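Peer 1: A single structure is presented below for examination.
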Amino acid sequence: MNYNVNEKGYYGVFGGAYIPEMLYPNVEELRQNYLKVMAEPDFQKEFQQLLRDYVGRPSPLYFAKRLSEKYNTKIYLKREDLNHTGAHKINNTVGQILMAKRLGKSRIIAETGAGQHGVATATVCALMGMECIVYMGEIDIARQAPNVARMKMLGATVIPALSGSRTLKDATNEAIRDWINNPVNTHYIIGSAIGPHPYPDMVTRFQSIISEEIKWQLKEHEGRENPDYVVACIGGGSNAAGTYYHFLHEESVKIIAVEAAGLGVDSGESAATSILGKEGIIHGCKTLLMQTNDGQITEPYSISAGLDYPGVGPMHAHLCKTGRAEFMSATDDEAMKSGLELSKLEGIIPAIESSHALAIFEKKKFKEDDIVVVSLSGRGDKDLDTYINYFKL
Amino acid sequence: MNRINQKLEESKRLLSIYFTAGYPNLNDTVTIIQNLEKSGVDMIEIGLPFSDPLADGPTIQASSTKALQNGMTSEVLFGQLKNIRETVKIPLIIMGYFNPILQFGVEEFCKKCSEIGIDGLIIPDLPVDVYNDQYKATFEKYGLVNVFLITPQTSDERIRFIDSISNGFIYMVSSASVTGSQSGFGEEQTNYFKRIEKMSLDNPQIIGFGISDNTSFTQATEYAKGAIIGSAFIKHVTSFGINDVDKFVSKILKA
Ligand SMILES: Cc1ncc(COP(=O)(O)O)c(C=O)c1O
């Protein structure tokens, strides 16, 4: 079984580029060039150097001793939370801004939900002196004021998405419309492993540095490259794609994907796409998608803004359908509890997205000598208000 | 022969009007179609509303949101149109995004269209190659014309390919934009219109996006077989309701 994208842009039946003709030249230009550009030695040199000197990579692979004791198994945390701007998102934006430069683009657009990807995009635009426009749902702008301020300080223009439900999905629609209106000078930096081909594959490759490092770091710790499990939370699926990438074809490594169950999978307020979704088309790709019987896209819910997406990247839809990955979910309450637990046991306050991945230890029993690597995709600074309100701190 | 192909053989410039089904009220669909035909429109695009219309500007987005709130679905639309051919003769096209059609079942959707007397489909986010590989045979089985878009950025080679798999007309998007973004055409657009005219394609072209009045309609139809108006018509309906559509149409067509 092949879990990578094929030459037509599909992962099994998922993926493709279901885009209006107006976007065809942009997406086609990217498709024809992305692998070539990424293979150029001077691209790689600049990318690797920025990842090291600017992002702060490699991020540590940390053996979480007290957490491991509590759950009687060996838990390693991949510390993406220690990256510049506080999450894995920057790996992708550094890669894509270099891509945009090579393609001769001068104007950058992006969508953002919680603001993490918006901040990561505004950051690299400041670094490269490029114009940056970030679309953000009007409701999210109100919910995530500190990140809006960060983007502004970094010189970005934040435009409220006023259509539809005024959250992440609508911000993505607005970014796509902007790209239709500005087909020549603009590059769209998508923030997750979603969108029309080649985006899911390109984003996955930029994030694959996560599993590349896990391999040699685990070798240093344990004398072997492959853990028994890799675990990550899934919104659109970029930190997960990066965490799984180099293990996809290592049969001994089991893959666990954790979705946000919100108030509960059956509550009507959830973002557990693999359970609630059906095959459909969102933002230019065929994937699993939360929708009505009539094919209208529905609004998901999660306490974590970064997991609040009605679809899932096409690679993950394929991993789910083929059974290569085990899909689990964590509710708001379970995630919040795990976030607090990590803070108390290890002195690490995680992003609420990442807390979802940690919540599986309450739900699944691992063997004492299992090595479980969890992607700690981001830090909790941005979520302090939510933690304060939830725990009445 | 399909009504669209018959219409395209007439010697006149064609006016096609887009409206969103279920807007302003759920059950306005048939009245709007009948009124448009009476007022002299040549062809109608019935918009099947979608929650996330990527290629549309604020006017059509807002009408789609309202239509969905009103309860419009594929099923409801087909129910409303069931007897439309008892009163309406001009070509009818359904314009909608691919996901609702996929959920209905592409074959089932095409079958319904053909039973009712829908003549063609415009599905902006169904890519040309996917249509060609997977759905062309089904569309043809049910006698449906599928209409593709081209834009100023579409290469000549791709336009030729699109022409080769089209069986009605080509929808020429006037500029790099979503619907309703601009009005009137500058030199850049007329150069593009001329370039396409010179290509002498097999399928006639109808120009859409950014046409809102007699001036832009006349400009567009200098170079193409016809023109499509969407956002401007929806704005008219929003302001004046559905019984005054002849006022809108006669202003566009005024000699
Ligand atoms: C810290 C963190 N983790 C995870 C995610 C979810 O995104 P993805 O599934 O693309 O990794 C986000 C999104 O904002 C995030 O900020």
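The values are calculated or read from the model by the stated rules, or taken from the named source; none is laboratory data. Since we're looking at a predicted model, the values are computed, not measured. FYI the Cβ positions are ideal-geometry reconstructions off the backbone, even for glycines, and counts take in every protein chain you see. The area values use the complete protein model at the heavy-atom level, side chains included, leaving out ligands, DNA and RNA. Shrake-Rupley method; radii C 1.70, N 1.55, O 1.52, S 1.80 Å.
Peer 1: Given the criteria without any contact (Cβ under 8 Å) to a residue 60 or more places away in the chain, open to solvent by less than 40 Å² (accessible area, probe 1.4 Å) and more than 10 Å from chain A (Cβ to nearest Cβ), does B:I93 qualify?
Peer 2: On the way: without any contact (Cβ under 8 Å) to a residue 60 or more places away in the chain: no; open to solvent by less than 40 Å² (accessible area, probe 1.4 Å): yes; more than 10 Å from chain A (Cβ to nearest Cβ): yes.
When the stated conditions are applied, B:I93 does not pass them.
Peer 1: Examine the range A:375-385 for a residue that is under 17 Å from A:R66 (Cβ atoms), within 16 Å of the ligand (Cβ to nearest atom), surrounded by 24 or more Cβ atoms within 10 Å (Cβ to Cβ) and away from chain B (no Cβ under 14 Å), and state whether such a residue exists.
Peer 2: Scanning the range A:375-385, I find at least one residue that is under 17 Å from A:R66 (Cβ atoms), within 16 Å of the ligand (Cβ to nearest atom), surrounded by 24 or more Cβ atoms within 10 Å (Cβ to Cβ) and away from chain B (no Cβ under 14 Å), so the answer is yes.
Peer 1: So which of A:A175, A:A120 ends up being within 16 Å of the ligand (Cβ to nearest atom), in a helix (DSSP H, G or I) and within 26 Å of B:S177 (Cα to Cα)? Walk me through how you get there before you give the answer.
Peer 2: Details: A:A120 fails: within 26 Å of B:S177 (Cα to Cα).
After applying the criteria, what remains is A:A175.
Peer 1: Continuing with the same structure: How many residues does the range A:61-70 contain that are part of a helix (DSSP H, G or I), open to solvent by less than 30 Å² (accessible area, probe 1.4 Å) and touching a helix residue (DSSP H, G or I) at 6+ places or on another chain (Cβ under 7 Å)?
Peer 2: Residues meeting the conditions: 1.
Peer 1: Okay, moving on. When you scan the range A:184-197, how many residues do you find that are more than 13 Å from the ligand (Cβ to nearest atom), within 14 Å of chain B (Cβ to nearest Cβ) and touching a residue at least 12 places away in the same chain (Cβ under 8 Å)?
Peer 2: Residues meeting the conditions: 5.
Okay, residues lined up against (1) at pLDDT 95 or above; (2) under 20 Å from A:M130 (Cβ atoms); (3) part of a helix (DSSP H, G or I):
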residue	(1), (2), (3)
A:M38	yes, yes, yes
A:F47	yes, yes, yes
A:Y54	yes, yes, yes
A:S59	yes, no, no
A:L98	yes, yes, yes
A:I108	yes, yes, no
A:E111	yes, yes, no
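Peer 1: Give the number of residues within the range B:124-174 that are among the hydrophobic types (A, V, I, L, M, F, W, C), open to solvent by 50 Å² or more (accessible area, probe 1.4 Å) and within 14 Å of chain A (Cβ to nearest Cβ).
Peer 2: So in the range B:124-174, the residues among the hydrophobic types (A, V, I, L, M, F, W, C) come out as B:126, B:128, B:130, B:137, B:139, B:144-145, B:147-150, B:159, B:161-162, B:165, B:169-170, B:172-173.
Pick out the ones that are also open to solvent by 50 Å² or more (accessible area, probe 1.4 Å) and you get B:137, B:161.
Subset that is within 14 Å of chain A (Cβ to nearest Cβ): B:161.
Here the count works out to 1.
Peer 1: Additional query: Give just the number: which of (1) closer than 30 Å to B:N83 by Cβ; (2) part of a loop (DSSP other than H, G, I, E, B) does B:G210 not satisfy?
Peer 2: Every condition holds for B:G210 apart from (1).
Peer 1: Only one residue in A:I256, A:I297, A:I275 is open to solvent by less than 10 Å² (accessible area, probe 1.4 Å) and either outside the structural domain of A:E111 (by TED's automatic domain parsing) or under 26 Å from A:K363 (Cβ atoms) (or both), so which one is that?
Peer 2: Answer to the selection: A:I256.
Peer 1: Same structure again: Looking at the range A:232-250, is at least one residue open to solvent by 30 Å² or more (accessible area, probe 1.4 Å), closer than 30 Å to A:L289 by Cα and either part of a loop (DSSP other than H, G, I, E, B) or in contact with a Gly (Cβ under 8 Å, 6 or more places away or on another chain) (or both)?
Peer 2: Going residue by residue through the range A:232-250, those that are open to solvent by 30 Å² or more (accessible area, probe 1.4 Å) are A:245-246, A:249-250.
Remaining after also requiring closer than 30 Å to A:L289 by Cα: A:245-246, A:249-250.
Next, from what is left, pick out any that are either part of a loop (DSSP other than H, G, I, E, B) or in contact with a Gly (Cβ under 8 Å, 6 or more places away or on another chain) (or both): A:249-250.
Looking through the range A:232-250, at least one residue is open to solvent by 30 Å² or more (accessible area, probe 1.4 Å), closer than 30 Å to A:L289 by Cα and either part of a loop (DSSP other than H, G, I, E, B) or in contact with a Gly (Cβ under 8 Å, 6 or more places away or on another chain) (or both).
Peer 1: Does the range B:99-113 contain any residue that is basic (K, R) and without any contact (Cβ under 8 Å) to a residue 60 or more places away in the chain?
Peer 2: Within the range B:99-113, one or more residues are basic (K, R) and without any contact (Cβ under 8 Å) to a residue 60 or more places away in the chain.
Peer 1: Limited to the range B:90-148, what total is found for residues that are under 17 Å from B:L48 (Cβ atoms) and among the polar types (S, T, N, Q)?
Peer 2: So the count comes out to 4.
Peer 1: Run A:D81 past the list (1) surrounded by fewer than 24 Cβ atoms within 10 Å (Cβ to Cβ); (2) over 19 Å from A:S304 (Cβ atoms); (3) not aliphatic (A, V, I, L, M) and report the number of the one that doesn't hold.
Peer 2: In the conditions (1) surrounded by fewer than 24 Cβ atoms within 10 Å (Cβ to Cβ); (2) over 19 Å from A:S304 (Cβ atoms); (3) not aliphatic (A, V, I, L, M), A:D81 misses (2) alone.
Peer 1: Only one of A:I360, A:I348 is assigned to a loop (DSSP other than H, G, I, E, B), at pLDDT 95 or above and aliphatic (A, V, I, L, M). Can you tell me which?
Peer 2: Being assigned to a loop (DSSP other than H, G, I, E, B), at pLDDT 95 or above and aliphatic (A, V, I, L, M) holds for just one of A:I360, A:I348, which is A:I348.
Peer 1: Given the criterion over 24 Å from B:A224 (Cα atoms), away from chain A (no Cβ under 14 Å) and buried (at least 18 other Cβ atoms within 10 Å of the Cβ), identify the matching residue among B:L81, B:L102, B:L77.
Peer 2: On the way: B:L102 fails: away from chain A (no Cβ under 14 Å); B:L77 fails: away from chain A (no Cβ under 14 Å).
After ruling out the rest, the residue left standing is B:L81.
Peer 1: Select, from A:F327, A:F361, A:F391, the only residue that is open to solvent by 10 Å² or more (accessible area, probe 1.4 Å), in contact (Cβ under 8 Å) with a residue 40 or more places away in the chain and under 13 Å from A:C233 (Cβ atoms). Reasoning before the result, please.
Peer 2: Values: A:F361 fails: under 13 Å from A:C233 (Cβ atoms); A:F391 fails: under 13 Å from A:C233 (Cβ atoms).
Residue meeting the stated conditions: A:F327.
Peer 1: Ok, one more. Please specify each residue of the range A:285-333 satisfying the condition of being on the phi < 0 side of the Ramachandran plot, more than 16 Å from the ligand (Cβ to nearest atom) and outside any strand (DSSP E or B).
Peer 2: A:T292, A:N293, A:D294, A:Q296, A:T298, A:E299, A:K321, A:T322, A:R324, A:D333
Peer 1: Within the range B:56-73, track down each residue that is under 24 Å from A:H283 (Cα atoms) and surrounded by fewer than 23 Cβ atoms within 10 Å (Cβ to Cβ).
Peer 2: Those that are under 24 Å from A:H283 (Cα atoms) and surrounded by fewer than 23 Cβ atoms within 10 Å (Cβ to Cβ): B:G57, B:P58, B:T59, B:A62, B:T65, B:K66, B:L68, B:Q69, B:G71, B:T73.
Peer 1: Could you give every pair whose Cβ atoms fall below 8 Å, whose first residue belongs to the range A:107-126 and is at positive phi, and whose second residue is open to solvent by 10 Å² or more (accessible area, probe 1.4 Å) and within 12 Å of the ligand (Cβ to nearest atom), counting only separations of at least 6 or pairs across chains?
Peer 2: Short answer, once both residue conditions are applied: A:G115/A:Q144; A:G115/A:A305; A:G115/A:K382.
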